[in-house]
Amino acid sequence: HVGGESPGGSDRDGGSGVTPLMFYAVGSVYVHFLAAAALDLRGLARDGGGVGGDRHRILLGYSLFALIESYGSVSVTLFWSFANSQLTLGAAERHYGTVVAVAQAGAILGSSLPALTAGRTGGTA
């Protein structure tokens, strides 16, 4: 634990916190579903839609929407649960502001990147 003592001021040996293994487990579920969707889309593009193409595309579209939207909620919740289980109250007070500031800067810069690079690559933003 960062900051010496474990959260709550007592030593916990029960593993009640979120472990890095949970990131791998949850992340791998999303990776596998997204990889399956990518293969499915590749097959749809190659076959021109195939049997039941419109119905299949609609179902795939709704499934991808639900998957992508849930990923944002689940990953943020999992991160903050992990951070809360690893930091003491004092360490959290010192570090959470920086974590949030860097995350916001990354969101702004990350969403601005396509607009900034579109002219150089010949695309439109």
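The values are calculated or read from the model by the stated rules, or taken from the named source; none is laboratory data. Just so you know, these numbers come straight off a predicted model, no measurement behind them. Every residue, glycine as well, gets a Cβ built from its backbone with ideal geometry; the counts of neighbours run over all protein chains shown. These accessible areas exclude ligands, DNA and RNA; they are computed on the full protein's heavy atoms, side chains included. Shrake-Rupley method; radii C 1.70, N 1.55, O 1.52, S 1.80 Å.
For segment 25-45, the set of residues classified as under 19 Å from G61 (Cβ atoms) and of a type in the set (G, A, S) consists of A35, A36, A37, A38, G43, A45, listed by residue number.
Go over the candidates S81, S85, S73 one by one and state the one that is touching a helix residue (DSSP H, G or I) at 6+ places or on another chain (Cβ under 8 Å) and in a helix (DSSP H, G or I). Explain how you work it out, then say what you get.
Values: S81 fails: touching a helix residue (DSSP H, G or I) at 6+ places or on another chain (Cβ under 8 Å); S73 fails: touching a helix residue (DSSP H, G or I) at 6+ places or on another chain (Cβ under 8 Å).
Unique residue meeting the criteria: S85.
Screening A105 with (1) farther than 25 Å from Y24 by Cβ; (2) free of Cβ contacts under 8 Å to residues at least 60 places away in the same chain; (3) of a type outside the set (D, E, K, R); (4) open to solvent by 60 Å² or more (accessible area, probe 1.4 Å) gives one miss only, at (4). Scanning segment 57-85 for residues that are open to solvent by 70 Å² or more (accessible area, probe 1.4 Å) and more than 19 Å from the chain's Cα centre (by Cα), we see that the one that is modelled with the lowest pLDDT is R57.
Return yes or no: is T88 among the hydroxyl-bearing types (S, T, Y) and open to solvent by less than 70 Å² (accessible area, probe 1.4 Å)?
When the stated conditions are applied, T88 passes them.
Residues in segment 11-35 that are surrounded by 12 or more Cβ atoms within 10 Å (Cβ to Cβ), out of contact with any helix residue (DSSP H, G or I) (no Cβ under 7 Å at 6 or more places or on another chain) and either part of a loop (DSSP other than H, G, I, E, B) or at pLDDT below 80 (or both): R12, T19.
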